[in-house]
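Worksheet: one structure, shown below.
The values are calculated or read from the model by the stated rules, or taken from the named source; none is laboratory data. Here the structure is a predicted model, which means the values were calculated and not measured. Neighbour counts are summed over all protein chains in view; Cβ atoms, including those assigned to glycine, are modelled from backbone coordinates with ideal geometry.
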Amino acid sequence: MNSINPLQEHDTPSPLAFTLLRLLADGEFHSGEVLARQLGISRASVSNALRGMGSYGLTLYSVRGRGYCLSNPPQWLDAARIASQLGEHGRHFWIDILDSAPSTNTLLLQRARLDAANKGAHSGSVLAVEWQSGGRGRMGRTWHSGLGNALTFSLLWHFECGLSALSGLSLATGVALMRALNNLGVAGARLKWPNDVVGVREHAKLAGTLIEVQGDMLGPSAVVIGIGLNLSFPQPVLRQISQPAVSLAEMVSEIPERNYLLAVLLRELHGVLREFAVHGFTALRAEWESYHAFQDQPVRVLLPDGNRVADGIARGVTENGMLKLETVQGIQFFNAGEVSLRSGAEYVAA
C-alpha cells in the first residue's frame, strides 16, 4: 500500500480532483478503472488528478488491484445542510460554497463592488471554501489550512453607519466566536487583542478574523468579516505554521460536524452584529474583557512599525476597542499592535 506523494505547497486541487475525492468520501477502495469509466475519462487522468493529496492533509492510498482509498475523507460543506441547521436564522443568510478560492475575503469584496451598482450584494452573504490557497491574516500573514481540517469563510454585512462608527468591530466578532465555542462546549478558549481566539497552552492561535471595509465616513458601509478556525492539524499543515497554534481536535473529545459548526458561528455572528449596529462595541465591552486572555497581566505591545515596544499591564479595552495599557508613565491607549505575555518578574507597573 502506497500513499500518494505530496505536491508543492499552495497548489490548488483541480475540479476533477474534487469530484474524485467526493466519490471516495465513503472511505472504501474504488477501482481507478471504475472511477474513470464513471466519469468518462482515462485512468491516467484519475491518477494525475489524485496525485499529491498529502499536501492538503489527506491520506489517500493506492493499492494495485484494489484502487484508491481515502482514509480520512473531509466533511464536505453543503449550503442546504447549513441552512437547515440555521433554522429561522436561515432567512438572514445567502450561502455560497466553493471548492477552492485564493481568498474568501478578496472574492466577496469583489462581488460586493460589482453588485453595488445594482444593489444586489445582500447583507448576510456568506462565502465558504473547502480549500483556500491564499488566506490572509493581520499584518500580511498567511493563513495555512488543509482540505477539510479548517473552517474558512467570509461574511458580508451592511451597516447604515459610516466607517468611523465601526471601531471595535473586530473585537465584537471575537465575542461572537466565543459565544459559539461556549455553546459547543469548547473549554479553554480565550480572546487575544485585537482579533484572535487562543487556547490556554502558550496562548496558541485557534481562530483569527480579518475585517475589511468599504464605504463612506458618514455611511452607509459594507464590511467583509473573514474567519479561519483550526479543526485539526495534519503534518503538512503543521510544517507551514511558524507561530504557536492549536486546533479544536486538541480541545474537545469530538470535533463538531463542519456544517453544524458553521451554522452555530453564523447564528452568533447575526446576534452580535445586530447588537453592534445599535449600540456599537460599548454593549459588548465587558463580555470581551471577561474572555480576555491577558486581562490584568503584564504584556508587551510590539507597535506596527516593528521597531518600538510598550510594556505594561493590560487593563482591558476602551469603548471603541483600543487596548488600555497601564505603564510607568500612566495609562496609554493602542489601536494597533502585536501583544505578547510577559512574566510578572519582568515588569511591575507603578
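Among residues of region 13-39 that are touching a residue at least 40 places away in the same chain (Cβ under 8 Å), those with a beta-carbon under 6 Å from a residue that is among the charged types (D, E, K, R) and assigned to a loop (DSSP other than H, G, I, E, B) at least six positions away or on a different chain give the pairs F29/R66. For region 237-244, the criterion of a residue being in contact (Cβ under 8 Å) with a residue 40 or more places away in the chain and assigned to a helix (DSSP H, G or I) is satisfied by at least one position. Filtered by the rule that a residue be over 25 Å from V301 (Cβ atoms) and either of a type in the set (S, T, Y) or at pLDDT 95 or above (or both), region 158-183 gives R179, A180, L181, N182, N183.
State whether one or more residues within region 156-172 are assigned by TED's automatic domain parsing to the domain that holds F276, closer than 17 Å to R267 by Cβ and part of a helix (DSSP H, G or I). Steps first, answer last, please.
Restricting attention to region 156-172, the residues satisfying the condition of being assigned by TED's automatic domain parsing to the domain that holds F276 are 156-172.
Checking the rest, the ones that are also closer than 17 Å to R267 by Cβ come to 156-157, 172.
Add one more test, that the residue is part of a helix (DSSP H, G or I), and what stays is 172.
Looking through region 156-172, at least one residue is assigned by TED's automatic domain parsing to the domain that holds F276, closer than 17 Å to R267 by Cβ and part of a helix (DSSP H, G or I).
When you go through T106, T12 one by one, which is the residue that is β-branched (V, I, T), in the same structural domain as G146 (by TED's automatic domain parsing), outside any strand (DSSP E or B) and under 21 Å from the mean Cα position of the chain (by Cα)?
None of the other options fit; the residue is T106.
Residue by residue through region 300-316, note down the ones that are under 24 Å from R201 (Cβ atoms) and surrounded by 20 or more Cβ atoms within 10 Å (Cβ to Cβ). Correct list: V301, I313, A314.
Once region 270-304 is narrowed to residues that are of a type in the set (G, A, S) and touching a residue at least 12 places away in the same chain (Cβ under 8 Å), the residue that is nearest to S340 (Cα to Cα) is A293. Of all the listed residues (A101, A44), the sole one being among the aliphatic types (A, V, I, L, M) and surrounded by fewer than 17 Cβ atoms within 10 Å (Cβ to Cβ) is A44. Among residues of region 51-63 that are in contact (Cβ under 8 Å) with a residue 12 or more places away in the chain, those with a Cβ under 9 angstrom from a residue that is polar (S, T, N, Q) and part of a helix (DSSP H, G or I), sequence gap 6+ or separate chain, pair up as G54/Q235; G57/Q235; S62/S47.
Consider region 73-98 and keep the residues that are outside any helix (DSSP H, G or I) and free of Cβ contacts under 8 Å to residues at least 60 places away in the same chain. The one that is nearest to H158 (Cα to Cα) is W94. For region 34-45, does any single residue satisfy the condition of being outside the structural domain of Q132 (by TED's automatic domain parsing), over 20 Å from N149 (Cβ atoms), among the small types (G, A, S) and at pLDDT below 95? No: zero hits.
Could you tell me which of the residues S47, S62 is more than 29 Å from E268 (Cα to Cα), in contact with a Gly (Cβ under 9 Å, 6 or more places away or on another chain) and part of a strand (DSSP E or B)? Even if it seems obvious, please write down each step before you answer.
Values: S47 fails: part of a strand (DSSP E or B).
After ruling out the rest, the residue left standing is S62.
Taking region 189-231 only, how many residues are part of a loop (DSSP other than H, G, I, E, B), touching a Leu at 6+ places or on another chain (Cβ under 9 Å) and either of a type outside the set (D, E, K, R) or surrounded by 23 or more Cβ atoms within 10 Å (Cβ to Cβ) (or both)?
Filtering region 189-231 down to residues part of a loop (DSSP other than H, G, I, E, B) leaves 189, 193-195, 199-200, 204, 216-220, 231.
Filter once more, so that each one left must be touching a Leu at 6+ places or on another chain (Cβ under 9 Å): 189, 193-195, 199, 216-219, 231.
So of that shortlist, the ones also either of a type outside the set (D, E, K, R) or surrounded by 23 or more Cβ atoms within 10 Å (Cβ to Cβ) (or both) come out as 189, 193-195, 199, 217-219, 231.
Residues meeting the conditions: 9.
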